[in-house]
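Scroll down for the structure; my scribbles are underneath it.
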Amino acid sequence: MFIALGILLICIGIILIWFHISYSPLKHQFTRDVSRLMADRTASANEIFTIGDFENLPPIVQKFISYCGYIGTQKMSFMTAEFRDVAFMQNQNGPALLIDYTQYNFINVPSRLAFIDSSMFGVPFEGYDYYLGGKGGMKGVIGKAIQLFHQTGKEMDEACLVTYLAECMFIPASLLQGYITFEEINELQVTATIENNGIAVSGIFTFNEAGEMISFATGNRAIAKSDGTFEYVRWSALCSDYQLSENGIKYPAIFQAVWNYPEDDFVYFDGIISKISYGE
């Protein structure tokens, strides 16, 4: 009996050590994928943004670029954004998790990698959202070892590509690559379309009079249902509270992701951006 109890305590100790070390297989995959994209990216050769770079874009997009202070800064090849203590909900009836969220967006070929770090009842929960090589997916792992889900397929390819589109305003070098096109709706709204790997998705950007981008909305994003099928639901990204960063660029401190169901809006990601940085 004492031997069995001792073995049990040793196993519990090993599990607790495993939970608390920084290494995890999913995080290693994320880091490896980021490193590979870093190595493959095309540097900007110290080029800076000029007003002329954006002269073919709708006036409100040009106003946004100027308002945020990108003119005269160095063109980037990727963006890093960090969120801390985001209120994240997997479904409308479930509890909110507090997560840390780190993402990389690359512009040479549309690519987006994001890592979720959290815990449930003291057990680590990790997520990996990716759009890589024209394919999108979402993984969820608990205890660093047990995969809860791995969603892939055409719907995820579209969802991850349209998420990249929703964030393109904050990586203005992506607007100059040719894979994003715009059509003006009115003075404060434009339709944007991105094409990659044989898939095209679209959404509407809305700006305020100051030139701040305040929302993006699309019908090209599906949500996974409990039976494994997908349902297309209107999806919105809301931005507010623009602030001046240390590098002189304005960006929204508050970001929300919302499923716009017919009966009600479901804010499932409610966070504050702690840092945005760029790499040449």
Residue tally, condition outside any strand (DSSP E or B), of a type in the set (A, V, I, L, M, F, W, C) and closer than 26 Å to Ile199 by Cβ, over the stretch 96-149: 2
Count - residues of the stretch 64-89 that are buried (at least 19 other Cβ atoms within 10 Å of the Cβ) and of a type in the set (Lys, Arg): 1
Output for the stretch 29-61, where each listed residue is under 14 Å from Asn108 (Cα atoms) and assigned to a helix (DSSP H, G or I): Val34, Arg36, Leu37, Met38, Ala39, Asp40
Enumerated strands (runs of 3 or more DSSP E) restricted to the stretch 182-257, each holding at least 2 residues that are over 17 Å from the mean Cα position of the chain (by Cα) and at pLDDT below 95: 230-232, 234-244
Filter pass, Tyr261 being more than 15 Å from Glu167 (Cβ to Cβ) and touching a residue at least 60 places away in the same chain (Cβ under 8 Å): no
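Here is a yes/no grid of residues against (1) surrounded by 16 or more Cβ atoms within 10 Å (Cβ to Cβ); (2) not hydroxyl-bearing (Ser, Thr, Tyr):
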| site | (1), (2) |
| --- | --- |
| Tyr130 | yes, no |
| Gly134 | no, yes |
| Gly143 | yes, yes |
| Gln151 | yes, yes |
| Lys154 | no, yes |
| Cys160 | yes, yes |
| Ile185 | no, yes |
| Thr191 | no, no |
Residue check for Ile71: in contact with a helix residue (DSSP H, G or I) (Cβ under 8 Å, 6 or more places away or on another chain) and modelled with pLDDT of 95 or more: yes
Number of the exception - Tyr268 against (1) surrounded by fewer than 16 Cβ atoms within 10 Å (Cβ to Cβ); (2) touching a residue at least 24 places away in the same chain (Cβ under 8 Å): (1)
Residue ID - farthest from Lys250 (Cα to Cα), chosen from residues in the stretch 62-95 that are of a type outside the set (S, T, N, Q) and part of a loop (DSSP other than H, G, I, E, B): Gly94
Restricting the stretch 90-114 to residues that are in contact with a helix residue (DSSP H, G or I) (Cβ under 6 Å, 6 or more places away or on another chain) and among the aliphatic types (A, V, I, L, M), the residue that is surrounded by the fewest Cβ atoms within 10 Å (Cβ to Cβ): Leu113
Test result for Tyr251, exposed (fewer than 15 other Cβ atoms within 10 Å of the Cβ) and within 25 Å of Thr193 (Cβ to Cβ): no
Single residue of the stretch 198-248 satisfying the filter (acidic (Asp, Glu) and either touching a residue at least 12 places away in the same chain (Cβ under 8 Å) or surrounded by 20 or more Cβ atoms within 10 Å (Cβ to Cβ) (or both)) that is farthest from Leu132 (Cα to Cα): Glu209
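The values are calculated or read from the model by the stated rules, or taken from the named source; none is laboratory data. Just so it is clear, the model here is predicted, and its values are computed rather than measured. Note that we place each Cβ from the backbone using ideal geometry, even for glycine, and neighbour counts take in every protein chain shown.
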